[in-house]
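Nothing in this text is a laboratory measurement; each read-out follows from the coordinates by a stated rule. All values reported here derive from a predicted model rather than from experimental measurement. Don't worry about glycine lacking a Cβ; one is built from the backbone with ideal geometry, like all the others, and counts go over all protein chains shown.
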Amino acid sequence: MMMWNLPKPDIQLSIDEIDDVIARSQVLSPTDKGVVEQLYHEYDNGSGVITRQRHDQTDQRIQGAMKTAYPKTYDGADLSYIRARLMNGVYKCPICSIGLPSTLDHVLPQSKYKALSVCGNNLVPMCRDCNSEKNNEDDRPMLHPYYDRLPIDRRFLYAEVIPTALGGVSFVFRVDDQVLTDPVLREKFNNTFDKCELDKAFSRELVTFLKDKLYKRGLYTIDDVKRYIAGELDREKELNGLNHWKVAVLYGIIESDRLAVEDLIQFL
Ligand SMILES: [Zn+2]
């Protein structure tokens, strides 16, 4: 599984689930289905984007009822199968690729897009950290793991490894604009990085990752380290793709000409 990317669920499954939402609602009737179904189609055709104005044309009664249905997707409740369907086969958070995907994130927030509250295609498995870092008042669009597709055949994510004045290193992530050329996608990518504070998450995780790789392996010089990491890099590329943060970091270490082994040890 590539980072930032999940297979897109079939919109028809989400549409079929409207019937169950209606059957369990005090205020909806089967004649309301068409309105919601049309909205789901437009969301899907717009690759997970719909304007606020368009959404707000939906009857307030329907909006409220759809939002009320969301708690029924929690474990043990009537619509928990919706959650189970979306979580099935997702083993890591698609945003950070670190945490367990234990929550569902509303890509378009349910506070503002009430009618999409239980639309499966608007609900993405996400770890608690990434989900809670998101501030829904911040309207900058994030990557949509079901609809947005980042380049997979060329590197666009780089991690520059910078020795710090106090000893140790810091990692600065950047995107290559020549590869991630779509400005909308690039903006979403940068927003995601920023809103979920991924640089912090990756830096924390790096310690664990690098300790595991380097510690007690008798790698005494930076050339030992780089040789060892070159082998690991091939494995990680195979496993996680060219633009996984671990791949970026391993490349960063290999490509750094300023790094001393003491800096890494200090960092760890
Ligand atoms: Zn995460």
- Computed for the chain: size of charge dipole around the Cα centre, +1 on C-beta of each Lys and Arg, -1 on C-beta of each Asp and Glu, debye to nearest 20, value 380
- Query: Put +1 on the Cβ of every Lys and Arg and -1 on every Asp and Glu Cβ in region 11-133; which of Cys127, Ile50, Leu39 then has its Cα farthest towards the positive end of the dipole?
  - Reply: Cys127
- Note on the structure: Going fewest to most other Cβ atoms within 10 Å around each Cβ, Thr51, Thr58 line up as Thr51, Thr58
- Message: I'd like to know how region 11-133 sits against the 2.2 N^0.38 Å rule of thumb: what's its Cα Rg over that expected value?
- Response: 1.03
- For the chain, what's the relative contact order in percent, using C-alpha pairs closer than 8 Å and at least 6 residues apart? 20
- Message: Taking each pair of distinct Cα atoms in the chain once, what is the resulting Kirkwood hydrodynamic radius in Å?
- Response: 20.4
- So how much slack lies between Thr31 and Met87, counting 0.36 nm per residue of separation and subtracting their Cα-Cα distance, in nm? 17.2 nm
- Task: For Lys237, go through the aspartates and glutamates and keep the ones whose alpha-carbon is under 14 Å away, minus same-chain ones fewer than eight residues off.
- Result: Asp153
- Query: Given Lys114/Lys200; Lys72/Lys200; Lys67/Lys246; Lys112/Lys200; Lys8/Lys226; Lys72/Lys246, which pairs have Cα atoms separated by over 30 Å?
  - Reply: Lys114/Lys200; Lys72/Lys200; Lys67/Lys246; Lys8/Lys226; Lys72/Lys246
- Message: Limiting things to C-alpha atoms, what are the Rg and the maximum Cα-Cα separation (Dmax) for region 88-188, in angstroms?
- Response: 16.2, 52
- Item | region 98-169-region 200-238 distance, computed between alpha-carbon centres (Å) | 25
- Query: So what's the back-of-envelope 222 nm ellipticity for the chain, counting only DSSP H runs of four-plus at -39500 (n - 2.57) apiece and dividing by all residues, rounded to 500?
  - Reply: -13500 deg cm²/dmol
- Mind putting a number on the dipole of region 157-267 about its Cα centre? Charges go on the C-beta only, +1 for Lys and Arg and -1 for Asp and Glu, and I need it in Debye to the nearest 20. 360
